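Read through the structure below, which is laid out as structure tokens, and then see the notes.
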Ligand code: SIN
């Protein structure tokens, strides 16, 4: 019998990609040299740091810390401004087939609309990730938790921008909220949804100082890593059920091939890696890819579409 080797090819927003693994926005994707390494890494696509109209220094340090099962951060959207990332995407398009997604996170709806208008002018840009879920800007709520505001923003976004737009969502914790957000998203031609951003406003204490371990927002920050894997899987799976025609990007708690496999079982077409990339560097893609391929081989699958969304229930 022919032994067909498995592969990790996938499609996202109609684009064929060589691997279902990529970075999560925010990790190793702010500076051009980092982005170039991601372009050359063993991953299927790249997403930039969420950008604003102008350069932002972000929140004061310390603003990121590793913790026993993950990370906490309150970066505050440090980025080089939209034009920096559009220039990078222009350059990459001339030398590589790698899909580079522009992540945007305006500090107001008006700024998001301005960003989308600018992005819409780019010839090279193929796909946008609209971040509705940054928890780290003092005084600014996460848009994804306000269903009316989310609808209003998406309405305007699709009026001013003809490029495909995916959205990065915060984690939801209540069945009613899944339904409400799904009914908003269902009314727009969303290219994909990314579930989930960090769990916002966690608090971690340094046992030696009795103080918080990060400085911004009095120590409150987004929690990532293994802590959030069950929440991420639940969000991927619930939205897979509620939005069967929308591609889902799973993000949260992916440390190894088994974690990635579970995201796909829950319905993810693509997997973003955040905390693990921060902690282990770019080589994590090749390792997780190999581990995932081994699982496919052991289970007799040749592609991820053979088990995507096939989560068993007891
Ligand atoms: C940050 O820059 O504070 C993180 C962005 C995010 O979580 O969306």
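No value in this document is a laboratory result; all are computed from the given coordinates. These numbers were taken from a predicted model, which means no experiment stands behind them. Neighbour counts run over all protein chains shown; Cβ positions are idealised from the backbone, glycine included.
When only alpha carbons are used to place a centre, the stretch 148-181 and the stretch 192-220 end up 24 Å from one another.
With only alpha-carbon atoms in the gyration tensor, what are the semi-axes of the equivalent ellipsoid for the stretch 242-314, in Å, largest first? Working shown, then result.
Working: eigenvalues 86, 50, 19 Å².
Three semi-axes, in Å: 21, 16, 10.
Subtracting the Cα-Cα distance of residue 218 and residue 163 from their residue separation scaled by 0.36 nm leaves 16.0 nm. The Rg/Rh ratio of the stretch 1-125, with both radii computed over alpha carbons and Rh defined as the Kirkwood radius, is 1.04.
Using the Cα atoms of the chain to build a convex hull, what is its mean projected area in square nanometres?
16.6
Would you mind classifying the stretch 63-143 by shape? Square roots of the alpha carbon gyration tensor eigenvalues, ordered a ≥ b ≥ c; an a/c under 1.5 is rounded, otherwise it is prolate if a/b is larger than b/c and oblate if not. Since a/c reaches 1.5 but b/c is at least a/b, the shape of the stretch 63-143 is classed as oblate. Shown is the FRET efficiency for residue 155 and residue 110, computed with R0 = 22 Å from the Cβ-Cβ distance and rounded to the nearest 0.05: 0.95.
Where the convex hull is taken over the Cα atoms of the stretch 1-45, what is its projected area averaged over directions, in nm²?
Details: hull surface 16.7 nm².
Dividing the Cα hull surface by four gives the mean projection, 4.2 nm².
For residue 187 and residue 208, a Förster radius of 51 Å and the Cβ-Cβ distance give a FRET efficiency of 0.50, rounded to the nearest 0.05.
Calculated on the alpha-carbon coordinates, the convex hull of the stretch 92-236 measures out at 144 cubic angstrom per residue.
For residue 32 and residue 313, calculate 0.36 nm times their separation in residues minus their Cα-Cα distance, and state this gained length in nm to one decimal. It would help to have the intermediate numbers written out before the result.
Values: separation 281, 0.36 × 281 = 101.16 nm, distance 4.42 nm.
Fully extending the segment from residue 32 to residue 313 adds 96.7 nm.
Remark: the residue 245-residue 121 segment gains 41.9 nm on full extension, using 0.36 nm per residue and subtracting the alpha carbon distance. Separation of the stretch 49-81 from the stretch 85-107 is 20 Å, based on Cα centroids.
Spin-label model, residue 258 to residue 297: label points 7 Å out along the Cα-to-beta-carbon direction sit 1.8 nm apart.
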